[in-house]
Amino acid sequence: MSAEETIRLDRKHLWHPFTPNSVWMDESFHPISVVAGEGTWLVDAEGKRYLDGNSSIWTNLHGHRHPRLDDAIRSQLGKIAHSSFLGLTHEPAARLAEELIAYAQSGKKSDLNRVFFSDDGSTAMEAGLKMIVQSFAQTGQPQRTQFISPQGAYHGDTVGAMSLGPSDHFHRHHLPLLFPSRRVMTPFCYRCHFNSAKPEKADARSYRQCNFECATQAEEEITKTGKNLAAWVLEPRVQGAAGMVMHPQGYAQRTCMAARKVGAKVLLDEVLTAFSRTGPAMSFHAEGVAPDVVAVAKGLSGGYLPLAATLVTEEIFRAFDGPPENAFFHGHSYTANALGCAVARASLGLLQDPAEQTRRVTLTQNLRELSRDFWKHPNVGDVRQEGALLAVEIVAHRATRRPFPAAERRGAHICQTAREFGLLTRPIGDVLILMPPYSTTANELQQMVEALRKALAKELPA
């Protein structure tokens, strides 16, 4: 089938997520029809190659068509692709659960001991919040139904996940469906009104001048909610859909400790940040936090198949002991899909391979060096990085941090233009993102940065 026929059928029958109809259905817009992938590259129907600059929406860890991941799927496919997990079990799920718990602990003391499999980040978070509420109800604390999270938090698009992180931009039509939850100020140094530092050509976290008011306000709200608080909910280190908001060191530790003091649980959303995206195996390792519940997805299967997991403590699991009516009546038809579990085990193996670990360290260092070039453009206001994740925030005026009007969609236009230079990536508002697969070579990374710089220069001539 030609690219033209694919696009014709697409526009006739398909509905794309997070995509305005006005853009997609405009005949002047030319969608890319992807037909193949190899390593860091994607290939369209016309044979043009593009660098996968956001790891296929934050999912692909090791590159496309990685031989070890491909082999894991082929091997499992020769046995069985899927069977029910309701009252049945299988080796790929049991092995993956053991390995995933060990990976999440990574030699550090942790009470995480149980794994509940689902399909994606939203469902992993949905399961986690329900587990927490029901566990409290079954252990004599039914009043603990409140959740607190930072403003701008985003945890998915199912009703429970939306309630934990409602977004005015994404969810405004669905607000009547949501249960109430509490918000505290976003720990965002670049746009924090308590930060008295003048803009510098550096990550705003490195030169902030404040009294850590964001952590203090969160602690106060957690303390005030007290015995009614079910959980403090946090995307540790990086709030993804909020615009790759990167937290100052110590924020997670202080806020999680406050939740512990009032007897609440700590629910961490590591859907984006797990599996070494921000450097350590799990992002919470960098803060020395011991969570009660952790949601992982996206990179769990290396970007190959829909698979998510909710990791919980033995204490929470045991709250469901007793009569049959205490069971966790929640699940999915494709829970613990055998193909997904098999490829996830192969991905975990790669993550712990010493040669691959060295490759990631080099990638992170190269990205830090190359990212300095973005400061040459006068409309770059903040450049922030955690591990192999880079965010470049563009502004109308650097000295005042004044943003462009949202209606101008500057970030979207820059990323669209980047395709002309062989780069595929997607912004969050006016935050440009590079999140290369770990397979990316030094030369490929340089091409990514150069393509984004060229697109920036073309759309915003200095």
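The values are calculated or read from the model by the stated rules, or taken from the named source; none is laboratory data. This one's a predicted model, so the numbers in the text were calculated from it and none came from an experiment. All Cβ positions, glycine included, derive from the backbone under ideal geometry; neighbour counts span all protein chains shown.
Name every residue in region 266-286 that is closer than 25 Å to T223 by Cα and either in the same structural domain as T364 (by TED's automatic domain parsing) or in a loop (DSSP other than H, G, I, E, B) (or both), in order of residue number.
Result: E270, single match.
From G303, G263, which residue is surrounded by fewer than 24 Cβ atoms within 10 Å (Cβ to Cβ) and either part of a loop (DSSP other than H, G, I, E, B) or touching a His at 6+ places or on another chain (Cβ under 6 Å) (or both)?
G263
State which residue is farthest from P150 (Cα to Cα) when the search covers only region 253-287 and only residues that are touching a residue at least 60 places away in the same chain (Cβ under 8 Å) and basic (K, R).
Restricting to residues being touching a residue at least 60 places away in the same chain (Cβ under 8 Å) and basic (K, R), the top hit is R277.
Could you check region 3-109 for helices (runs of 4 or more DSSP H) lying wholly inside it with 3 or more residues that are under 22 Å from G422 (Cβ atoms) and at pLDDT 95 or above?
Those helices (runs of 4 or more DSSP H) span 55-58.
Name the one entry in L432, L423, L370 that is within 25 Å of the chain's Cα centre (by Cα), closer than 24 Å to F275 by Cβ and either in the same structural domain as H285 (by TED's automatic domain parsing) or surrounded by fewer than 20 Cβ atoms within 10 Å (Cβ to Cβ) (or both).
Only one candidate passes the filter, namely L370.
Is it the case that D52 is within 25 Å of the chain's Cα centre (by Cα), surrounded by 12 or more Cβ atoms within 10 Å (Cβ to Cβ) and free of Cβ contacts under 8 Å to residues at least 24 places away in the same chain?
Against the criterion (within 25 Å of the chain's Cα centre (by Cα), surrounded by 12 or more Cβ atoms within 10 Å (Cβ to Cβ) and free of Cβ contacts under 8 Å to residues at least 24 places away in the same chain), D52 does not qualify.
Could you grab the pairs with beta carbons closer than 7 Å, sequence gap of 6+ or different chains, first residue in region 310-337 and under 16 Å from A295 (Cα atoms) and not assigned by TED's automatic domain parsing to the domain that holds T89, second one among the aliphatic types (A, V, I, L, M) and buried (at least 16 other Cβ atoms within 10 Å of the Cβ)?
Listed pairs, sorted by first residue: none to list.
From R191, R237, R208, which residue is of a type outside the set (A, V, I, L, M, F, W, C), closer than 30 Å to D119 by Cα and in contact with a helix residue (DSSP H, G or I) (Cβ under 9 Å, 6 or more places away or on another chain)?
R237
Within region 96-117, does at least one residue satisfy the condition of being touching a Cys at 6+ places or on another chain (Cβ under 8 Å) and surrounded by 17 or more Cβ atoms within 10 Å (Cβ to Cβ)?
yes
Condition check ((1) among the polar types (S, T, N, Q); (2) modelled with pLDDT of 95 or more; (3) within 28 Å of A281 (Cβ to Cβ); (4) in a helix (DSSP H, G or I)) across all residues:
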site	(1), (2), (3), (4)
R359	no, yes, yes, yes
N366	yes, yes, yes, yes
R426	no, yes, yes, no
L432	no, yes, yes, no
N443	yes, yes, yes, yes
M448	no, yes, yes, yes
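So which residues in region 387-442 are farther than 19 Å from H377 by Cβ and among the polar types (S, T, N, Q)?
Passing the criteria: S439, T440, T441.
Considering each residue of region 54-110, count those that are over 18 Å from G302 (Cβ atoms) and in contact with a Ser or Thr (Cβ under 7 Å, 6 or more places away or on another chain), and give that number.
Adding up the residues that qualify gives 2.
Is it the case that A342 is in contact (Cβ under 8 Å) with a residue 60 or more places away in the chain, assigned to a helix (DSSP H, G or I), farther than 30 Å from M246 by Cβ and of a type in the set (G, A, S)?
yes
Only one of (1) part of a helix (DSSP H, G or I); (2) surrounded by 16 or more Cβ atoms within 10 Å (Cβ to Cβ); (3) of a type outside the set (V, I, T) is not met by H169, so which one is it?
Condition (2) is where H169 drops out.
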